[in-house]
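Please read the structure below before turning to the comments.
Derivation of every value follows stated rules applied to the coordinates shown; laboratory data play no part. Every value quoted in this text rests on a predicted model; they were computed, and no experiment measured them. Note: ideal-geometry Cβ built from the backbone for every residue, glycine included; neighbour counts use all protein chains shown.
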Amino acid sequence: MVWDQFPRPLTWTLVSQEVPSEIKSSEFIYGLRAWLTARGIRTSHVNGNPESWDRRYFDRLPPTTPHRIVSICPSNTEIVASFGAAERLIALDASSDFPPSIQGLPRLGMDLDVDVEKILSLDPDLVVASLSVPGMEKNVVKLHKSGVPLVVLAPLSIDEVLQDIMYLGQVCDADAQASATCAQLHLRLERTHDVLCEEPVRLYLEWWPKPLFTPGRACWTNDLAARAGASLVFGDRAGQSVEVGSNEVIARDPELILVSWCGVPFHKLKTGKVLERDGWHGIHAVRNGHVYAVDEDLLGRPGPRLVAGCEAIHDLCNAVKATRV
């Protein structure tokens, strides 16, 4: 990273960053902002001074319409495909697997550590990167230093996902197609609004089982859940993804538990392991049989398929509400 070259220790949290004044270069600030953005934060507090930045701060737009696009995050790949530009993709991260038409494209490594030198050797006219997961800042900083045309997406809500589809569509000179895609997604989202007047279902969404990780306040899944008629039980915690204790989950007594482990195929999601956890038998969701597996592709990728995730949660929330006394 940009700051690895400096010998003095840096003390950073999501709300405060102590930085020696002699190393506050523009390159360093870019890296710091990328680090924070990847954790759902858009305001730095370097040595007590708050500074915010626009979502497009990290971008370096191509001078002409891009036709050789590299995507290094699955959600970005799906966004590019959603407005009909999949044929312009020339290489992808190892995890991009949708739509099926992109399966044969060259791979660049896992999305947290792509091969930047290989990317540059392909001479792309646009790289679509992401800051939706901690660790992705390493890719963004390296690509920024290389000078390659770059768009970086890091949405925190469904509205921002739709804005990103429109924005990237404009960059790719596919405005009309992107607009049509967003219109269709809006129509589908409107069908979940009928539950908003009821008491939200208490939802525990599990990103990882050991240790337990779940979305925090800065994750797009809060908006996703709210639109579907639910409220994340740890949506009050700072950060995008937070570690919690088993007893904390028990105390928050969710009515609905969704197992959606990051990077784990749907057929390997084991809801039975949740039912067997010590002390969890008394949780509403466990007691009433509302523990389900949901494909992580529909919840963990901030792209167009989040709408399908919203629809899935909506249906499960209705099942929970039907059993309320």
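Quick notes on this structure:
- Region 170-259: trypsin sites (Lys or Arg not before Pro) in DSSP coil with no more than 16 other Cβ atoms inside 10 Å: Arg191, Arg217
- Over 25 Å (Cα to Cα) - which of Lys142/Lys210; Lys24/Lys138; Lys24/Lys142; Lys24/Lys118; Lys24/Lys145 fall in this group: Lys142/Lys210; Lys24/Lys118
- For region 80-101 and region 259-314, distance of Cα centres in Å: 26 Å
- His186, His267 arranged by Cβ crowding within 10 Å, fewest neighbours leading: His267, His186
- Of the GluC sites (Glu not before Pro) in region 228-278, those whose Cβ has at most 14 other Cβ within 10 Å and which sit in DSSP loop: Glu276
- Secondary structure note: in the chain, about 35% of the DSSP beta bridges are antiparallel.
- Over all other residues within a Cβ to Cβ distance under 13 Å of Leu112, the charged ones net out to -3, with Lys and Arg as +1 and Asp and Glu as -1.
- Amide H contacts under 5 Å for Asp111: Ala94, Ser95, restricted to partners 5 or more places along the chain or on a different chain, H placed in the peptide plane at 1.01 Å from N.
- Compactness relative to 2.2 N^0.38 Å, alpha carbon Rg of the chain: 1.03
- Whole-Hz couplings from phi, Karplus 6.51/-1.76/1.60, listed for region 217-229; x for Gly and Pro: 4, 8, 9, 4, 5, 5, 5, 4, 5, 4, 5, 8, x
- Taking only the Cα atoms of region 38-113, the ratio Rg/Rh comes out at 1.10, with Rh defined as the Kirkwood radius.
- The distance separating the Cα centre of region 113-140 from that of region 33-47 comes to 19 Å.
- Relative contact order, percent, region 131-231 [alpha-carbon distance under 8 Å, six or more residues apart]: 26 percent
- Residue exposure sequence - Thr214, Thr64 - by fewest surrounding Cβ within 10 Å: Thr64, Thr214
- Near the amide H of Ala218, within less than 5 Å, lie the amide hydrogens of Gly239, Gln240, all on another chain or at least 5 residues away, with H placed in the peptide plane.
- Under 5 Å from the amide H of Leu153 lie the amide H atoms of Ala129, Ser130, Leu131, each residue being 5 or more positions distant or on a separate chain, with H modelled from the backbone and absent for Pro and chain starts.
- The chain: calculated mean residue ellipticity at 222 nm from DSSP helix runs of at least 4, using -39500 (n - 2.57): -9500 deg cm²/dmol
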